[in-house]
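Coordinate-derived values only; no laboratory data. Here the structure is a predicted model, which is why all the values come from computation and not from measurement. Cβ: placed from backbone, ideal geometry, glycine included. Neighbour counts: every protein chain shown.
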Amino acid sequence: MNIQFPEDFVWGAATAAYQVEGAAFEDGKGESIWDRFSHVPGNVERNETGDVACDQYHRYPEDIKLMQEMDLQAYRFSISWPRIYPQGTGAINEKGLDHYDRMVDALLEAGIDPWITLYHWDLPQALHERGGWPNRDIADWFTDYAVTMAERLGDRVKHWMTMNEPWVCAYFGYRDGIMAPGIKDHKLALVAAYHFNLAHGRAYNAMKAIHPNLKIGITHATQQHRALDDHPESRALAEFLWEENNGIFLEPILAGSYPQAILDKYPDQVPTLECTDLAEMNNYDFIGLQYYCDTLIRNGERVQEKLPEFEYTEMGWPITPDGFYNNIMEYVRRYNPKELAITENGMALADEVGRDGRVNDIRRQGYFKAHLSAVHRAIQDGAPLTAYLAWSFMDNYEWACGYRPRFGMVHTDYATQARTIKESGYLFAKIIRNNGF
Ligand code: FCB
């Protein structure tokens, strides 16, 4: 195969604060909803917490050396809101700001562009106690925090993402209760979703007022629902789930409107749409598109079991690279976005370091090649894609699954904190050097 990416295409990898940092109670950091949730027995596999994780809070200089070895051009990481504002609002923890300041400088010195996510699910617990995302005041709380970060780092950091996958926070956090803060209330989930959109837009405007040149986006898990048959109910369900999972976040931000299907189905659950709110939401410079797999539908229902015609990952997710291409093109067709970046894509395996000291993750190498081919094909067909950031730079804390699924291109030995670049990491480095494969 000979696949060449556009000349200025950006290559990198991603992580998130709670998944890698550790130092959960150090240097003045406040408690987050994930600190609270992970410490409740039964919420996470084997009751594992992110207290230590990969200890990147202390080991980032070593990790940046590994990034250099892999020729990464960009590193996407998130800021822990309660490290900056331990109570969510009010007093600032200078030690938290200093930490990210040093990390940004170290990345830049190493020739790696920092891409920052402001909210990757670790809400200050104190704000949860004041109502959390279902409280409309959060749009201002979040904006104050975003402004603090833009003032401190906006002179050196160009790419910002306000939120990571609000779909997961709203539905898994407030509707299904399987992630922090662990609430089961459909209406609260839809109210939270509205406030995610509002907080994004308000923060966007406030950050731009400080540094007009910042590139500010938001990331979304693309949830393509693939109907495996022609059953009209399968197609209807796939279409509704598109709106419920993608449209509710994308339409307000990209088009300044709300999906009619959602308003029709839940007339009493979506907050009253204010024109001024919609205008605020309708702001972005790029959309971060994150893709893992399609959700399969058959006979008008979601397929729960594993199907023989698909291969599955350690998460139990089917491997569907064609779905990646279809998803990207669906974004383009429905919303015509000005710029897209792949901000996460990758697979979980049960990797181990071999006797020879290597981690030979053959299946991940195949996954990357197949998914990068899909990205390339979408670029050829006109998708405005400018970057590919793999998930993940290193094995880390996979939320309610704990440390079991390993997504990294770098293996983490959690007992010793030793890092080993996997064969997929070396492959990725080669792809970066050749700008293709
Ligand atoms: C995404 C999350 C990321 C990671 C991957 C596997 O939904 O953004 O933190 O957990 O899934």
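A few notes on this one:
- The residues of segment 393-429 that are assigned to a strand (DSSP E or B), among the hydroxyl-bearing types (Ser, Thr, Tyr) and within 16 Å of the ligand (Cβ to nearest atom) amount to a single one, 412.
- The test for being within 28 Å of residue 25 (Cα to Cα), away from the ligand (no atom under 16 Å from the Cβ) and not aromatic (Phe, Trp, Tyr) holds for residue 183.
- Filter result for residue 337 (buried (at least 16 other Cβ atoms within 10 Å of the Cβ) and in a loop (DSSP other than H, G, I, E, B)): yes
- Between 367, 325, the distinction of being assigned to a helix (DSSP H, G or I) and touching a Lys or Arg at 6+ places or on another chain (Cβ under 6 Å) belongs to 325 only.
- Checked against the criterion of being within 21 Å of residue 197 (Cβ to Cβ), crowded, with 21+ Cβ neighbours inside 10 Å, within 22 Å of the chain's Cα centre (by Cα) and not charged (D, E, K, R), segment 269-281 contains one or more residues that satisfy it.
- Some residue of segment 256-264 being within 16 Å of the ligand (Cβ to nearest atom) and either within 20 Å of residue 164 (Cα to Cα) or more than 20 Å from the chain's Cα centre (by Cα) (or both): no
- When the helices (runs of 4 or more DSSP H) confined to segment 165-271 are screened for residues that are among the acidic types (Asp, Glu), those reaching at least 2 such residues are found at 232-242.
- Residue 353 β-branched (Val, Ile, Thr) and not in a helix (DSSP H, G or I): yes
- Here residue 79 passes the criteria (1) closer than 30 Å to residue 251 by Cα; (2) aliphatic (A, V, I, L, M); (3) out of contact with any strand residue (DSSP E or B) (no Cβ under 7 Å at 6 or more places or on another chain) except the one numbered (3).
- Single residue of segment 368-392 satisfying the filter (among the β-branched types (Val, Ile, Thr) and surrounded by fewer than 21 Cβ atoms within 10 Å (Cβ to Cβ)) that is farthest from the ligand (Cβ to nearest atom): 379
- Residue 275 vs. criteria touching a residue at least 12 places away in the same chain (Cβ under 8 Å) and not aromatic (Phe, Trp, Tyr): no
- Positions within segment 322-362 being more than 16 Å from the ligand (Cβ to nearest atom), aliphatic (A, V, I, L, M) and within 23 Å of residue 215 (Cα to Cα), in sequence order: 328, 329, 332, 340
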